[in-house]
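The values are calculated or read from the model by the stated rules, or taken from the named source; none is laboratory data. The model shown is predicted, which means the values in this text are computed figures rather than measured ones. Cβ sites come from the backbone with ideal geometry, for glycine too, and all protein chains shown count toward neighbours. Areas reflect the complete protein model, heavy atoms only, side chains present, ligands, DNA and RNA absent. Shrake-Rupley method; radii C 1.70, N 1.55, O 1.52, S 1.80 Å.
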Amino acid sequence: MKAEVVSMTTEKPDMEAIRRGGEILKNGGLVAFPTETVYGLGGNALDSQASMKIYAAKGRPSDNPLIVHIARMDALAPIVKEIPPKAKLLAEKYWPGPLTMILPKAEIVPPETTGGLDSVAVRFPSDRIAQELILAAGGYVAAPSANTSGRPSPTTAQHVEEDLGGAIDMIIDGGQVGIGLESTIVDFTEEIPVVLRPGYISLEMLQELLGDVKMDKGLLITDSSVRPKAPGMKYRHYAPRADLAIVEGETESVIRKITALVKAAEAEGKKVGIIATDETMGRYPKTCIIKSIGSREEEETIAHHLYEVLREFDEGDAKVIYSEAFYTPRMGQAIMNRLLKAAGHKRIQAE
């Protein structure tokens, strides 16, 4: 099977192709589609067999929950047991948008969709193509990122085709996504809301609206003994094929440290890649594959290009990659969460 690829723009969706995509989903098939965060791999969220197909296509562990996507605010109530007042407040502020909320699930949602949990992760994307497809499919589409499990998430339809083109029914090409990092996930099944995955909506933005909000203590450490409550909490994710390490510290020290690491690796005959920024990429040895992830002056460019850069390294022959750390003011938590997972939490401190 080779996926049908259809191209359209957010400004001018191809409604006939979207109708066909909706029928595929209603009949238990799989459709990849753009959102404002990354491309999603959609299946009927209320069909247990469709959810199992998603896991199989991605090679994803079946205890890793899927996010149910909706396209109307009134679609939330039927799939949850309750909507806490703070969850309602957050939805009114940030839906549609890059926010996922975890709530106690209703019986209508099969355990295959939730990784066997009694809670369900729900998101209302702002991308118009995504919204139209969800409505065409009946209103509930389970959709993790549309990549092979463990690989960098897809920010273009070409990334989806590389990973899943032979395993799914349709790919809707809506161009490059806007944000480039997955949604913020907030858990409302505990007394105090807990951030399980940082994203475009930061902890500070959540606290400003809701008051007391916690970050999950296990966010930066992978614990294989814990059942994940949200996507990306347990398993290594976003990883390039080369060995990746993050070098942390003051800028000048980081540049010196990476340069020394490059010399040592090249002495062993290894091709080296470096993830830098517009401001620093000219300061590294020219013998390396050097890629800029964006500008520290515009931190959204770093988030936007992260997965794209990780995938580009897979096209080259680098055996080891050293990356600067990106603790930027607003999105730094989200960027470093993804980057550390990609590196298997391998960090090097610059002197």
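Roughly how many percent of the accessible protein surface of the chain is carbon and sulfur, given a 1.4 Å probe and a whole-percent answer? So the carbon and sulfur contribution to the accessible surface is 51 percent. Here the dipole of region 1-121 is about 100 debye; that uses its Cα centre as origin and unit charges on the Cβ of Lys and Arg (positive) and Asp and Glu (negative). For Glu23, the shell of other residues with beta-carbons less than 13 Å away shows a net charge of 0, using +1 for Lys and Arg and -1 for Asp and Glu. Spin-label model, Arg72 to Met281: label points 7 Å out along the Cα-to-beta-carbon direction sit 4.6 nm apart. Straight-line cross-link reach from Lys58 at under 16 Å between alpha-carbon atoms covers these aspartates and glutamates, not counting any fewer than eight positions away in the same chain: Glu112, Glu161, Glu162, Asp163, Asp169.
Counting only residues at least eight positions apart within a chain, or on another chain, the aspartates and glutamates with an alpha carbon under 15 Å from that of Lys257 are Glu248, Glu266, Glu324, Glu351. For every other residue with a beta carbon closer than 13 angstrom to the beta carbon of Val309, add +1 if it is Lys or Arg and -1 if Asp or Glu, then tell me the sum. The answer is -3.
Using only Cα atoms, tell me the angle between helix 299-314 and the longest principal axis of the chain; keep it within 0 to 90° and round to the nearest 10. The helix 299-314 is inclined about 80 degrees to the chain.
In vacuo Debye scattering of the chain, one point per C-alpha: log10 I(q)/I(0) at q = 0.09, 0.11, 0.12 Å⁻¹? Here log10 of I(q) over I(0) equals -0.48, -0.71, -0.84. Straight-line cross-link reach from Lys88 at under 16 Å between alpha-carbon atoms covers these aspartates and glutamates, not counting any fewer than eight positions away in the same chain: Asp74, Asp187, Glu190, Glu191, Glu208, Asp212. Charged side chains reduced to their Cβ positions (Lys and Arg at +1, Asp and Glu at -1) give the chain a dipole of some 740 debye around its Cα centre. Projecting the Cα atoms of Thr113, Ser126, Thr37 onto the dipole axis of the chain, where Lys and Arg carry +1 and Asp and Glu carry -1 at the beta carbon, places Thr113 farthest toward the positive end. Per residue, region 1-78 exposes 40 Å² of accessible surface when a 1.4 Å probe is rolled over the protein heavy atoms with every protein chain present. Ranking Pro96, Asn147, Ile201 by how far each Cα lies toward the positive end of the dipole of the chain (charges on Cβ) leaves Asn147 at the top.
With N counted as the residues of region 65-204, its alpha-carbon radius of gyration over 2.2 N^0.38 Å works out to 1.04. Against the chain, whose longest principal axis is taken from its Cα atoms, helix 251-267 shows a tilt of about 80°.
For region 45-182, a crude dipole built from +1 on the beta carbon of Lys and Arg and -1 on the beta carbon of Asp and Glu, taken about the Cα centre, is about 380 debye to the nearest 20. Tell me, how many Å apart are the Cα centres for region 136-172 and for region 10-33? Going from one Cα centre to the other spans 13 Å. Computed over the chain, the per-residue total of -39500 (n - 2.57) for DSSP H runs of n ≥ 4 gives a 222 nm mean residue ellipticity of -9000 deg cm²/dmol, rounded to 500. What separates the Cα centres of region 100-135 and region 259-319 is a distance of 36 Å.
Each 5 Å bin from 0 upward holds the following percent of the Cα-Cα pairs of region 1-142: 2, 10, 21, 23, 21, 13, 7, 2, 0, 0.
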